[in-house]
């Protein structure tokens, strides 16, 4: 399988993840919503990494997002602070690029 | 590993290496799960073990609660031929509790075999049924993702015993 085929496959799987997440969130606990979006961000960043699109600052944020994806679930207050920090860092990192 | 130590140190592992798990090891884990107590000895379960990488990739798209890519996934199914009362009946509730016992046994067996596992309850049931070709009498009630751990995660914050355990009668706190 070449690079383009693999990217196409990963995108097909990502859309599947988004659709099944959307359905699940209708009746899952409210706190799962942020987890699903963090997971989606992590999966998109993994794809970007495979394509060589992440430099050091983006890699650092990806690493921190992965820490949230793979670690134990946090209390809401801690999670909110973490999300605020990640979102602000992302805003600052893309400010010079967009 | 001592049982109490296994109970104390088990973690929900969500990140795995690509190393596969042998069929013999997977069978040992399922045997451990099927050793759990079952109400009325109904054994109302079936275990569907997936280890093909392509099928696992498709499952990953249908299991939003699973972050990493495991070496294997075990679907613990309720066999409605062995628990045919409707949801809300005692028989049905007991069958679900029985599956919970099987889940814990499988998780502990995996931990003692140096594998990392995570129980998953968030998945799209129609997609799971399609990918696993489940017959109508098997309902996928729990999924267990398994593999060789990248690392042992930290434990979650636990509620103190004083908040959850009562002797003789419940005292309002």
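Scanning segment A:24-45 turns up no residue that is over 26 Å from residue B:117 (Cα atoms) and in contact with a helix residue (DSSP H, G or I) (Cβ under 8 Å, 6 or more places away or on another chain).
Sort through B:67, B:35 and tell me the only one that's out of contact with any strand residue (DSSP E or B) (no Cβ under 9 Å at 6 or more places or on another chain), farther than 15 Å from residue B:112 by Cα and assigned to a loop (DSSP other than H, G, I, E, B). Answer to the check: B:35.
For residue A:10, state whether it is touching a helix residue (DSSP H, G or I) at 6+ places or on another chain (Cβ under 6 Å) and touching a residue at least 24 places away in the same chain (Cβ under 8 Å).
yes
The residues in segment A:1-34 that are over 21 Å from residue A:46 (Cα atoms), more than 11 Å from every other protein chain (Cβ to nearest Cβ) and surrounded by 12 or more Cβ atoms within 10 Å (Cβ to Cβ) can be counted, and the count is 1.
Residues in segment B:40-64 that are touching a helix residue (DSSP H, G or I) at 6+ places or on another chain (Cβ under 7 Å), within 9 Å of another protein chain (Cβ to nearest Cβ) and not in a helix (DSSP H, G or I): B:64 alone.
Scanning segment B:120-136 for residues that are in contact with a strand residue (DSSP E or B) (Cβ under 7 Å, 6 or more places away or on another chain) and in a loop (DSSP other than H, G, I, E, B), which turns out nearest to residue B:52 (Cα to Cα)? The extreme case among them is B:134.
Would you mind stating whether residue B:10 is within 14 Å of another protein chain (Cβ to nearest Cβ) and surrounded by fewer than 17 Cβ atoms within 10 Å (Cβ to Cβ)?
Details: within 14 Å of another protein chain (Cβ to nearest Cβ): yes; surrounded by fewer than 17 Cβ atoms within 10 Å (Cβ to Cβ): no.
In short, no.
Would you call residue A:75 closer than 26 Å to residue B:150 by Cα and either within 12 Å of chain B (Cβ to nearest Cβ) or in contact with a helix residue (DSSP H, G or I) (Cβ under 6 Å, 6 or more places away or on another chain) (or both)? Yes: the conditions hold for residue A:75. Within segment A:35-70, being away from chain B (no Cβ under 12 Å) and closer than 15 Å to residue B:61 by Cα holds for A:44, A:47. Applying the criterion of being more than 21 Å from residue A:69 (Cβ to Cβ), exposed (fewer than 12 other Cβ atoms within 10 Å of the Cβ) and within 12 Å of another protein chain (Cβ to nearest Cβ) to the residues of segment B:114-169, the residue that is farthest from the chain's Cα centre (by Cα) is B:159. Number of residues in segment B:1-25 that are in contact (Cβ under 8 Å) with a residue 60 or more places away in the chain and in a helix (DSSP H, G or I): the value is 5.
Here, each number is a calculation from the coordinates, and none is a lab measurement. A quick note: this is a predicted structure, and the numbers were derived from the prediction, not measured. Neighbour counts are summed over all protein chains in view; Cβ atoms, including those assigned to glycine, are modelled from backbone coordinates with ideal geometry.
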